[in-house]
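**Student:** Quick one: this structure, given as structure tokens, is what I'll be asking you about.
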């Protein structure tokens, strides 16, 4: 899909002076954040720093107290073109209260492109491609209840990819994911980035995605603390005994290196 | 079949079949969003509608539909704007609905608690022609919504936050689910009664889940179980002179026990099939590397 009215220089995501409260507690206290076309931006910070709230305010799940959010240059409230956005919420499971197959769950992600919820042959093929991207095509007909934690995460990412989005927003996609799945996810993301997808992801630590990340935004107490190149490991993370898991490299432990 | 010779039994069986289809069809979405007891709450609120129907001398079925739809919308609004404790607000709605029903029906010149009992526990033999017309219209609406919008309702019930980002009108779909559930309660009211309505929405789905791996199969099996128990319950109540509502609910629970018993060998067979499929790839069980001797000395 081409959008001639937009120039590539228009930021994909732009937050200006965003404030948000949860109850009476301010969680975001005036955040500025810009994600440009083709960039991979990591949102880092401790628990409670507001990184999940920031992402959830972008998709409209958290109301703003103040400030402005634009998606592809359009004010978020007026933004309707949701097929351009793929979202991976922070979840440990893809399952609901009723059994569902991997294909059924991933097909939900295609609804933004399917008129009146009717899935055509091309839509089914997009769902199948999304499953192949995360290496789950052979589990397409299995119940999501039968999957491991890492496989749940792969299903959630396939669901976001099913709409073939230009922007991927992911909230802690590596939480509770086993090493094999981390490797698959890092590879999937690498392919998406190579194809020109813009990515904003919330991470607890950079981990195996480190080589992909162009820029890191660090939040603390609802304010932007750092916006620039990914920070080097400091403190406990830099200690020789700290085990950084990098699936692209042979596995090494701090004690041996 | 002499049972079909009586007009009241024809009406009763038609109503029973429609309930068997609609209750699990809506119930599956309630179970999916983990609001299995919502039907029960709506049933309580509908009592006020029945009472008002008697008091105002209008059709209790249509009045119950109106009031339970309003109640369901109110419950959905409480869920959105849940500033106060949501469960407390819902509890007040439930018990207020029940008390309102008892109050209104006793104020009505023609009403008494005896009338209410037929709505609380179902009374197939008193289903009138106009009741059947109402039930048919309402059931058609429920089937249209639950089948026609199945993909949208599935997405919203599975993951509301994600559904919003696909651009689905999440609030409108939530309200539609609540309204459809309310309509189903009044469809089922004459057959199983308001107090047992929720059982027919939830238990067939729970029974179907024991056997199925997909949402589509769960839907189909739940409706099949629903229709089977409502028909057999109605026929049993005719021949044995037992209350139809209670018979239907007990049969549904029996179906749940049956599918649970069937599920264990089924799960074992699937696990074996999965293990066989995996055998070509990596081993399913832990394998100690051949090079490692059992008495290997481990340096610390």
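**Student:** Please go through the stretch A:175-188 and give me each residue that is without any contact (Cβ under 8 Å) to a residue 40 or more places away in the chain and in contact with a helix residue (DSSP H, G or I) (Cβ under 6 Å, 6 or more places away or on another chain), ordered by number.
**Tutor:** A:177, A:178, A:181
**Student:** Condition test on residue B:248, is it touching a helix residue (DSSP H, G or I) at 6+ places or on another chain (Cβ under 8 Å), outside any loop (DSSP other than H, G, I, E, B) and within 12 Å of chain A (Cβ to nearest Cβ)?
**Tutor:** no
**Student:** Given B:111, B:49, which one is in contact with a helix residue (DSSP H, G or I) (Cβ under 9 Å, 6 or more places away or on another chain) and in a helix (DSSP H, G or I)?
**Tutor:** Just one listed residue meets the conditions, B:49.
**Student:** Would you be able to say whether some residue in the stretch A:93-116 is more than 12 Å from every other protein chain (Cβ to nearest Cβ) and either under 30 Å from residue A:140 (Cβ atoms) or in contact (Cβ under 8 Å) with a residue 12 or more places away in the chain (or both)?
**Tutor:** no
**Student:** Right, something else. Looking at this structure, is residue B:172 assigned to a helix (DSSP H, G or I), surrounded by fewer than 20 Cβ atoms within 10 Å (Cβ to Cβ), within 14 Å of chain A (Cβ to nearest Cβ) and under 21 Å from the mean Cα position of the chain (by Cα)?
**Tutor:** Considered against the rule, which asks whether it is assigned to a helix (DSSP H, G or I), surrounded by fewer than 20 Cβ atoms within 10 Å (Cβ to Cβ), within 14 Å of chain A (Cβ to nearest Cβ) and under 21 Å from the mean Cα position of the chain (by Cα), residue B:172 comes out as yes.
**Student:** Same structure again: In the stretch A:128-151, what count of residues is obtained for those that are buried (at least 18 other Cβ atoms within 10 Å of the Cβ), in a helix (DSSP H, G or I) and away from every other protein chain (no Cβ under 12 Å)?
**Tutor:** 5
**Student:** So, one more: Can you tell me which residue is farthest from the other protein chains (Cβ to nearest Cβ) among those in the stretch A:47-88 that are buried (at least 22 other Cβ atoms within 10 Å of the Cβ) and under 23 Å from residue A:114 (Cβ atoms)?
**Tutor:** Only one residue tops the list, namely A:71.
**Student:** In addition: Where residues in the stretch B:129-169 are assigned to a loop (DSSP other than H, G, I, E, B) and more than 21 Å from the chain's Cα centre (by Cα), which of them is farthest from the other protein chains (Cβ to nearest Cβ)?
**Tutor:** B:169
**Student:** Further question on the same structure: Just checking, does the stretch B:65-79 include any residue being out of contact with any strand residue (DSSP E or B) (no Cβ under 9 Å at 6 or more places or on another chain), buried (at least 23 other Cβ atoms within 10 Å of the Cβ), free of Cβ contacts under 8 Å to residues at least 40 places away in the same chain and closer than 10 Å to residue B:182 by Cβ?
**Tutor:** Yes, the conditions are met somewhere in the stretch B:65-79.
**Student:** So, one more: Only one of these is within 12 Å of chain A (Cβ to nearest Cβ), modelled with pLDDT under 90 and surrounded by fewer than 24 Cβ atoms within 10 Å (Cβ to Cβ): B:216, B:273, B:290, B:284. Name it.
**Tutor:** B:273
**Student:** One residue is enough: does the stretch B:34-43 have a residue meeting the conditions in a helix (DSSP H, G or I) and surrounded by fewer than 21 Cβ atoms within 10 Å (Cβ to Cβ)?
**Tutor:** Checking the stretch B:34-43: at least one residue is in a helix (DSSP H, G or I) and surrounded by fewer than 21 Cβ atoms within 10 Å (Cβ to Cβ).
**Student:** Quick test of your reading of the structure: residue B:105 fulfils all but one of (1) in contact (Cβ under 8 Å) with a residue 24 or more places away in the chain; (2) within 13 Å of chain A (Cβ to nearest Cβ). Name the failing condition by number.
**Tutor:** The number of the failed condition is (2).
**Student:** State all residues of the stretch A:200-215 that are surrounded by 20 or more Cβ atoms within 10 Å (Cβ to Cβ) and part of a strand (DSSP E or B); if no residue qualifies, say none.
**Tutor:** Within the stretch A:200-215, A:200, A:201, A:202 meet the criteria.
The values are calculated or read from the model by the stated rules, or taken from the named source; none is laboratory data. As the structure is a computational prediction, the values presented were derived from the model and not from experiment. Reconstructed Cβ throughout: ideal geometry from the backbone, glycine too, with neighbour counts over all protein chains shown.
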